[in-house]
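Structure first, then comments.
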Amino acid sequence: QVQLVESGGGLVQPGGSLRLSCAASGSIVSINTMAWYRQAPGKRRDLVATITSGGSINYADSVKGRFTISRDNAKRTVYLQMNVLKPEDTAVYYCNADLRVPLSTSYRNYWGQGTQVTVSS
């Protein structure tokens, strides 16, 4: 069973920092692009940042200069370092990845279960 499991969410004051982690587990041959999305109550799920297997990175304009995405391919893990957090960053953060499993010739998209980030004083 292939899974993406997030951790690291919580409650933080404005201006604070959090680091999210997402580990892929199960029988996986390779991992292509990994990403973080977020969804605030009553709003759509939006892309926060992406990182390809080659290390190319993109960020949403709203988080540029504050958030950093990285990955450890040996650990099958993607991270999101979030600094200078604002109340508007409050959302459920979801991990997303394109994974290839044994006997498959193509990648399939997977989602984690989400982790809550709340920025409030």
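The values are calculated or read from the model by the stated rules, or taken from the named source; none is laboratory data. This one's a predicted model, so the numbers in the text were calculated from it and none came from an experiment. A quick note on method: Cβ atoms are made from the backbone with ideal geometry, for glycine too, and the neighbour counts reach across all protein chains shown. Side chains are part of the model used for accessible areas, which takes the heavy atoms of the whole protein and leaves out ligands, DNA and RNA. Shrake-Rupley method; radii C 1.70, N 1.55, O 1.52, S 1.80 Å.
Pull up the range 39-70, narrow it to residues that are under 12 Å from residue 92 (Cα atoms) and part of a loop (DSSP other than H, G, I, E, B), then point me to the one that is least open to solvent (accessible area, probe 1.4 Å).
Out of the qualifying residues, it is 40.
I'd like to know if the range 74-93 contains one or more residues that are farther than 18 Å from residue 17 by Cβ, in contact with a Gly (Cβ under 7 Å, 6 or more places away or on another chain), of a type in the set (Phe, Trp, Tyr) and in contact (Cβ under 8 Å) with a residue 12 or more places away in the chain.
no
Scan the range 99-118 and give yes if some residue there is assigned to a loop (DSSP other than H, G, I, E, B), among the aromatic types (Phe, Trp, Tyr) and farther than 16 Å from residue 5 by Cα, otherwise no. Reasoning before the result, please.
First pass over the range 99-118, keeping only residues assigned to a loop (DSSP other than H, G, I, E, B): 101-107, 112-114.
From what is left, the residues that are among the aromatic types (Phe, Trp, Tyr) are 107.
Those still in the list that are farther than 16 Å from residue 5 by Cα too: 107.
Looking through the range 99-118, at least one residue is assigned to a loop (DSSP other than H, G, I, E, B), among the aromatic types (Phe, Trp, Tyr) and farther than 16 Å from residue 5 by Cα.
Restricting to the range 76-103, and then to whatever is among the β-branched types (Val, Ile, Thr) and surrounded by fewer than 22 Cβ atoms within 10 Å (Cβ to Cβ), can you tell me which residue is farthest from the chain's Cα centre (by Cα)?
Filtering the range 76-103 for residues among the β-branched types (Val, Ile, Thr) gives 77-78, 84, 90, 92, 101.
Next cut, surrounded by fewer than 22 Cβ atoms within 10 Å (Cβ to Cβ) only: 77, 84, 90, 92, 101.
On the way: 77: 10, 84: 17, 90: 14, 92: 10, 101: 20 Å.
So, considering only residues that are among the β-branched types (Val, Ile, Thr) and surrounded by fewer than 22 Cβ atoms within 10 Å (Cβ to Cβ), the one farthest from the chain's Cα centre (by Cα) is 101.
Could you list, in sequence order, all residues of the range 3-21 that are open to solvent by less than 30 Å² (accessible area, probe 1.4 Å) and either β-branched (Val, Ile, Thr) or more than 16 Å from residue 91 (Cα to Cα) (or both)?
Passing the criteria: 4, 12.
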